[in-house]
Amino acid sequence: MNFSLRFRAAVVSIVLFAAFLGIWHLATRGTGAVANMTPEYAKLMGLTATAGKSAMPGPLDVGAKLWEHLKQPFYDNGPNDKGLGIQLGYSIARVGLGYFLAVIVAIPLGFLIGMSPLISKALDPFIQVLKPISPLAWMPLALYTIKDSSISAIFVIFICSVWPMLLNTAFGVAAVRKEWINVARTLEVGTIRRAFTVILPAAAPTILTGMRISIGIAWLVIVAAEMLVGGTGIGYFVWNEWNNLSITNVIIAILMIGIVGMLLDQILARFTRMVTFPE
Amino acid sequence: MTDKFISIEAIARRYPGADGKETTVFENLWLSMNRGEFGCVIGHSGCGKTTVLNILAGLDQPSEGAVIVDGQAIEGTSLDRAVIFQSHALLPWRTVLGNVAYAVTSKWRNWDRAKVKAHAQTFIDLVGLTGSEHKRPSELSGGMKQRVGIARALSITPKIMLMDEPFSALDALTRGTLQDEVRRICLETGQTAFMITHDVDEAIYLADKIFLMTNGPGAVLAEIVENPLPKDRGRIDLHRHPLYYALRNHIVDFLVSRSKTFTATVTDHDPRNVPIVRPGKPELVVAAEAGNSIQASWPGLARPSTSS
Ligand SMILES: Nc1ncnc2c1ncn2[C@@H]1O[C@H](COP(=O)(O)OP(=O)(O)OP(=O)(O)O)[C@@H](O)[C@H]1O
Ligand SMILES: [Mg+2]
């Protein structure tokens, strides 16, 4: 009885998942024919009413549909019927672009804020006011000024991922141990070289933590943003399938959003581990 | 008088106090050392030893006065003055070799990798860390980390080594071997060294001159004790030397009682001509610095003009 903790945890996970599927299946299964209904009404309501079938799809329906999606993720039958892979691809591309722009802006600016008390104090009021604004609140302004829904979504991703990175970079840079800075000073290392050889490696774990928080937020926001701007993307897919009353597809989309979000987080977690140094 | 290699002239360091007033850690502090000398500062916690060392390193600026090294007033930090930090201050993301090489490339920017590596390796070997070049600081013991710190400081062949309680965090055994190594290296290379310590025996073993500081705030350099023990003293039989106890007792006496009462009882102390003491001679000889003995009895006249 000496299985590793990991193995036992996996067993419990599988059991929980099976139990979840079982309850889901039982809860959504049909309850048999329902009497006392005019034929017209029964026709109108479909199986939901006549066979007592729940409107909620069961795990088997979702599984079958998922298999269908996985078989051809990249089909494209016009604007309202694209493969799940294509929709996810649009979303990942928007997140990637907005996030990349945020990195370009936040990390140098964070360095500046962390290294210069003057700039830190001067920018502080702006950051304090801008940071708590919901990224979606920018959407109308973005749509009005940019006049392109896709770029507006990218802008929204940029604005929501910039803050955690900026604040973490500034904090990480400002909190670099004084003695490491002093080592660089006694060795007459210039400012630029000091920034790259001492401050960047010392602050890297904190910066990467900020980047990890940012990618999480960006992925949360893209779904909402795409529901608003429409056209393409997994967020739009969810909304579109809701309008089609295809709950099965909505559930599949939710599952996919979760999996992609986890993967993005894992990638950043791996980078964080790479730059973390033991003390 | 011999040329002073290091000359600390009338420095003061003040911090803004909590109630708007300034607190003076020390003021009008004079201290000088000759080339190749080993100086140790002893004083109670908080008297300003680290502050003096940081000013000498260029990491801190004096509120008044100046520090002159090799005929030039210092301006910030310099590769000529290497610092061995109490907390070793190794960069944890670099290996042993990487840490030493960082110092080497900082001094000789256009050296190629092979040359930097060979140079760094020489100093890693010197402190006895051959074989651990590719370990990271987290994989080293406290003593080994401090050795890397020493190797890093020596690798830039500085004119002066500044050490702030470099061995205080180590166990007695490791401390002993590192003291031996520092002494050997300093004697071999004729290095000028300035070290802060709380350990009286460490000071007696290593130092040519021991600077005694009174308690702060308003600390003064009370006296300079010249080490009467022979240059070829060994750490093991230090305490067998006939002059050892006289010297040790003198320093301990100072730390236990005189450091507290000094400023109150000695009214004619001239910070510019601090008495030089050589314990263990037939009797305690207290002599003012040669050539300034007349001034010494006129403390009022000896106040130097301060430049800022
Ligand atoms: N940033 C600061 N602001 C205000 N006071 C300071 C500051 N740094 C040091 N001091 C004061 O200066 C005095 C001297 O400090 P210093 O670190 O030089 O002492 P020290 O002799 O090295 O003590 P220790 O033996 O404990 O290391 C202390 O009384 C301390 O309170
Ligand atoms: Mg100190």
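The values are calculated or read from the model by the stated rules, or taken from the named source; none is laboratory data. Just so you know, these numbers come straight off a predicted model, no measurement behind them. Counting neighbours? That spans all protein chains shown, and the Cβs are built from the backbone with ideal geometry, glycine included. For the accessible areas, the whole protein counts, side chains as well, though only heavy atoms, and no ligand, DNA or RNA atoms are used. Shrake-Rupley method; radii C 1.70, N 1.55, O 1.52, S 1.80 Å.
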(request) Determine the shielding of peptide B:89-102 by partner chains: average, over its residues, the number of Cβ atoms on other chains within 10 angstrom of each Cβ. (result) 4
(message) Rounded to the nearest 20 debye, what is the charge dipole size of region B:82-211 about its Cα centre when +1 sits on each Lys and Arg Cβ and -1 on each Asp and Glu Cβ?
(response) 720 debye
(request) With a point put 7 Å past each Cα toward its Cβ, work out how far B:LYS135 is from B:ASP19 in nm, to one decimal. (result) 5.2 nm
(request) For peptide A:269-279, compute the average count of partner chain beta-carbon atoms within 10 Å of each residue's beta-carbon. (result) 2
(message) Could you report region A:84-275's accessible area per residue, 1.4 Å probe, as an integer in Å²?
(response) 47 Å²
(request) Using amide H atoms built 1.01 Å from N in the peptide plane, name the residues 5+ places from B:ALA222, or on other chains, whose amide H lies under 5 Å from its own. (result) B:LEU212, B:MET213, B:THR214
(request) Give the cross-link partners of A:LYS121 among the lysines, using a straight C-alpha distance below 20 Å as the criterion and excluding same-chain residues fewer than 8 apart. (result) A:LYS131
(request) Any lysines with Cα under 25 Å of the A:LYS65 Cα? List them, leaving off those in the same chain fewer than 8 positions away. (result) A:LYS43, A:LYS53, A:LYS82
(request) Calculate the mean, over all residues of peptide A:177-184, of how many other protein chain Cβ atoms lie within 10 angstrom of the residue's Cβ. (result) 6
(message) For region B:85-157, what is the number of Lys pairs with C-alpha distance below 20 angstrom, counting only pairs 8 or more positions apart or on separate chains?
(response) 5
(request) Return the single residue from A:PRO201, A:PRO57, A:PRO125 with maximal mean-square fluctuation; model: Gaussian network over chain A, springs between Cα atoms under 10 Å. (result) A:PRO125
(message) Highest mean first, how do B:37-43, B:254-260, B:221-227 rank when packing is the count of other Cβ atoms within 10 Å averaged over residues?
(response) B:37-43, B:221-227, B:254-260
(request) Please work out how much length the chain gains when fully extended from A:ALA175 to A:LYS147, using 0.36 nm per residue of separation minus the C-alpha to C-alpha distance, in nm with one decimal. (result) 5.9 nm
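Kindly provide the trypsin sites (Lys or Arg not before Pro) of region B:71-112 that DSSP labels as loop, not H, G, I, E or B, and whose Cβ sees at most 14 other Cβ atoms within 10 Å.
B:ARG109
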(message) Between A:LEU118, A:LEU166, A:LEU264, where does the largest GNM mean-square fluctuation fall for chain A, given springs only between Cα atoms within less than 10 Å?
(response) A:LEU118
(message) Would region A:147-212 count as rounded, prolate or oblate if I go by the C-alpha gyration tensor, calling it rounded below 1.5 in a/c and otherwise prolate when a/b exceeds b/c, oblate otherwise?
(response) prolate
(request) May I ask you to give the percent of accessible area on the protein assembly as shown that is carbon plus sulfur, with a probe radius of 1.4 Å? (result) 62 percent
(request) Leaving out ligands, DNA and RNA, calculate the buried accessible area for the pair A and B with a 1.4 Å probe, summed over both sides, in Å² to the nearest 100. (result) 1900 Å²
(request) Go ahead and estimate [θ] at 222 nm for chain B from helices alone: -39,500 (n - 2.57) per DSSP H run with n ≥ 4, summed, over the residue count, rounded to 500. (result) -9000 deg cm²/dmol
(request) Among the listed pairs B:LYS49/B:LYS260; B:LYS49/B:LYS209; B:LYS49/B:LYS231; B:LYS159/B:LYS209, give every one whose C-alpha distance is greater than 21 Å. (result) B:LYS49/B:LYS231
(request) Give me the distance in nm between label points sitting 7 Å out from Cα along the Cα-to-Cβ direction at A:SER4 and A:ILE23, one decimal. (result) 3.0 nm
(request) Considering only B:LYS209, B:LYS159, B:LYS21, give the residue with the highest GNM mean-square fluctuation for chain B, with springs between Cα atoms whenever their separation is below 10 Å. (result) B:LYS21
(request) Within 10 Å, count the other beta carbons around each residue, average over each peptide in B:199-206, A:67-74, A:96-103, and list them highest first. (result) B:199-206, A:96-103, A:67-74
